[in-house]
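**Student:** I have a structure here, written as structure tokens, and I will follow up with some questions on it.
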Amino acid sequence: MDAVAFSAGAATVLAAWQLVPQVAKLHRVALPAGLSPTWALLGISTNVAWVAYRWSQGLWLGLPSPVIAALLYAATLWLIVRSMPSLRWAGLAGLGWFSCVGAAAALGGWVLVGTVLGLSSGLQAAPSIWAAYRSRRPVGIAPSLWVIGLAQAVLWGYYGWANADFALVLYGITLSLAALLILGRYGYAHRLARNYGPSIPIASQMATPRTSLRS
């Protein structure tokens, strides 16, 4: 197996596991603080679009990854919305994003779609970044999700570079930046909790499941 095939295979395995810690954590503690349903819904829409793009470009080794990711984002969305009173804005954002991808396809074909999708990881992560920095105690964040996301970004960036696919290179760059922002916020909250005690709890300190949290 050459390095390019290995990068695609490793990235696909990481995609299968990236959201598993987040799904498990939400199922265990039911505390979505620091998470956004818009992020999950955009994840579904974006990965469905990635399936279409990679199929059109013949990137067969890259096809399983967005299929798996779309299913896991759907599970994450379901777990988040159990504690959310309304999905109106999340639904509008998801519909708006899917419409943008469709407009890109109509106006510029797959080249423009690829560019839009390359930027999609930044757009998709924006609600999650906003929620993480807006929440005083982002206990819903599973840092392993973003560590895996960072590794996946590097692998897909390399796969895109090896196949001269600008969309995947751009995707790797934007996802890396998003992951670093989230991990930086979580690390800062963790340090606050360590320095100031239980007055600023983090997820690992939450022992009681199915409780509500008011910031």
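The values are calculated or read from the model by the stated rules, or taken from the named source; none is laboratory data. None of these values were measured; they are calculated from a predicted model. Glycine also receives a Cβ, built like all others from the backbone with ideal geometry; neighbour counts cover every protein chain displayed.
**Student:** Between L59, L72, which is under 28 Å from A3 (Cβ atoms), surrounded by 17 or more Cβ atoms within 10 Å (Cβ to Cβ) and at pLDDT 85 or above?
**Tutor:** Going through L59, L72 in turn, just one is under 28 Å from A3 (Cβ atoms), surrounded by 17 or more Cβ atoms within 10 Å (Cβ to Cβ) and at pLDDT 85 or above: L72.
**Student:** Does A104 satisfy being surrounded by fewer than 20 Cβ atoms within 10 Å (Cβ to Cβ) and in a loop (DSSP other than H, G, I, E, B)?
**Tutor:** no
**Student:** Evaluate the following for V67: is it among the β-branched types (V, I, T) and over 17 Å from Q22 (Cα atoms)?
**Tutor:** yes
**Student:** From (1) surrounded by fewer than 21 Cβ atoms within 10 Å (Cβ to Cβ); (2) free of Cβ contacts under 8 Å to residues at least 60 places away in the same chain; (3) under 21 Å from W50 (Cβ atoms), pick out the condition that doesn't hold for A151.
**Tutor:** Condition not satisfied by A151: (2).
**Student:** Determine which member of the set G114, G160, G122, G140 is in a helix (DSSP H, G or I) and either farther than 26 Å from G9 by Cα or under 17 Å from the mean Cα position of the chain (by Cα) (or both).
**Tutor:** None of the other options fit; the residue is G122.
**Student:** Name the pairs: first residue in segment 130-148 and under 17 Å from A40 (Cα atoms), second residue of a type in the set (S, T, Y), Cβ to Cβ under 6 Å, at least 6 apart or on different chains?
**Tutor:** Listed pairs, sorted by first residue: A131/S36; I141/Y186; P143/Y186.
**Student:** So if I check each of W78, W39, which one is under 17 Å from the mean Cα position of the chain (by Cα), among the aromatic types (F, W, Y) and more than 24 Å from W156 (Cα to Cα)?
**Tutor:** W78
**Student:** Can you work out which of the residues in segment 34-56 that are surrounded by fewer than 22 Cβ atoms within 10 Å (Cβ to Cβ) and either aliphatic (A, V, I, L, M) or at pLDDT below 75 (or both) is nearest to G9 (Cα to Cα)?
**Tutor:** V51
**Student:** Return yes when T46 is β-branched (V, I, T) and under 30 Å from A3 (Cα atoms) and no when it is not.
**Tutor:** yes
**Student:** So for segment 130-137 (the condition being of a type in the set (D, E, K, R) and either under 28 Å from L61 (Cβ atoms) or not in a helix (DSSP H, G or I) (or both)), does at least one residue qualify?
**Tutor:** yes
**Student:** Where residues in segment 1-22 are over 12 Å from the mean Cα position of the chain (by Cα) and not in a helix (DSSP H, G or I), which of them is modelled with the lowest pLDDT?
**Tutor:** Among those that are over 12 Å from the mean Cα position of the chain (by Cα) and not in a helix (DSSP H, G or I), it is M1.
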